Amino acid sequence: MLLKERVAIVTGGAGTNGLGFATARMLAAHGAQVVILDLAAANPAAAAAELGTGHLGVVADVTSKEQCEAAAAAAVEKYGRIDILFNNAGITQARKTLDISAADYDAVLDVSLRGTLLMSQAVLPAMQRQGSGSIISTSSVSAQRGGGILGGPHYSAAKAGVLGLTRAMAREFGPDNIRVNAITPGLIATDIIKGKLTEERKGEIARDIPLARLGRANDIAGAVVFLASDLSAYCTGITLDVNGGMLIH
């Protein structure tokens, strides 16, 4: 098993049809003990129970420094260490530039960018004590292309910020043997697009992707497992495109 005896935290991981839960399930399948973080309404304890015994669900809002720190403390109290953090929590909004309100901007930036920073800050001391760790953060192809299918410019800005934050942390914490990397998903067929795209539109998008299909949750999960494991031991500060070749265009 690639991740035997390792402890992984997944933020925004309770939605059973989402990227976070698919990744939590694959991390567990490779031997990790998984801590699922999410809002109370998402019931992270139930999601953790679906993974089997030995996993933990914690209610936490990643926009709260105190709740991030409490979640990290709960993981250390139960398992004694934190080896992996997958910064998955994020929200998107379909807005044009002139329609983005201050509240819209705050909502998207707070979860997608501030939440990535706060949760990373929460786990880094434990990783420093261990002398090892892997942080994987979710950006988006929209940060690279200058816009996506569903997210507005403020979403692209937040996800571009994740790339800069990832590289800066990789540089800072490399001497502590802590690796920090980012993934850039393309359009993934999860609940986040349900009801927002017709089947005809999905087909049009797929025809413009070299692999000729939308992404699947397990496509992202596999990339995260790779970056979490020793298979990527000499990778830090990288941006791993997981978009079927969408960026080529």
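Each reported figure results from applying straightforward, stated rules to the coordinates on display, with no laboratory input. What you see is a predicted model, and the numbers here were worked out from it, not measured in a lab. Backbone-built Cβ (ideal geometry, glycine too); neighbour counts: all protein chains shown.
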HN-Hα J in Hz across segment 107-118 - Karplus 6.51, -1.76, 1.60, θ = phi - 60°, x for Gly and Pro: 4, 6, 5, 5, 6, 6, 10, 4, x, 5, 5, 5
In Hz, Karplus ³J(HN,Hα) per residue of segment 165-176 (6.51, -1.76, 1.60; θ = phi - 60°; x = Gly, Pro): 4, 4, 5, 5, 5, 4, 5, 5, 9, x, x, 8
Sites matching trypsin sites (Lys or Arg not before Pro) across segment 1-60 that sit in DSSP coil, with at most 15 neighbouring C-beta atoms within 10 Å: K4
Backbone N under 19 Å from the I238 label point (7 Å along Cα→Cβ), restricted to segment 1-33: 2-3, 27
Among 111-122, 223-234, 35-46, 88-99, the order from most to least packed when residues are scored by Cβ within 10 Å on average: 111-122, 35-46, 223-234, 88-99
FRET E, pair D176, M1, Förster distance 22 Å, beta-carbon r, rounded to 0.05: 0.30
Unit Cα scatterers, Debye sum, the chain: log10 I(q)/I(0) for q = 0.11, 0.13, 0.15 Å⁻¹: -0.53, -0.75, -1.01
In nm, spacing of pseudo-spin labels at T16 and A212 (7 Å Cα→C-beta vector): 3.4 nm
Under-5 Å amide H pairs with L85, H placed in peptide plane, nonlocal only: I9, S134, I135, I136
Distance in nm between pseudo-label sites at A94 and E50 (7 Å out along the Cβ direction from Cα): 2.5 nm
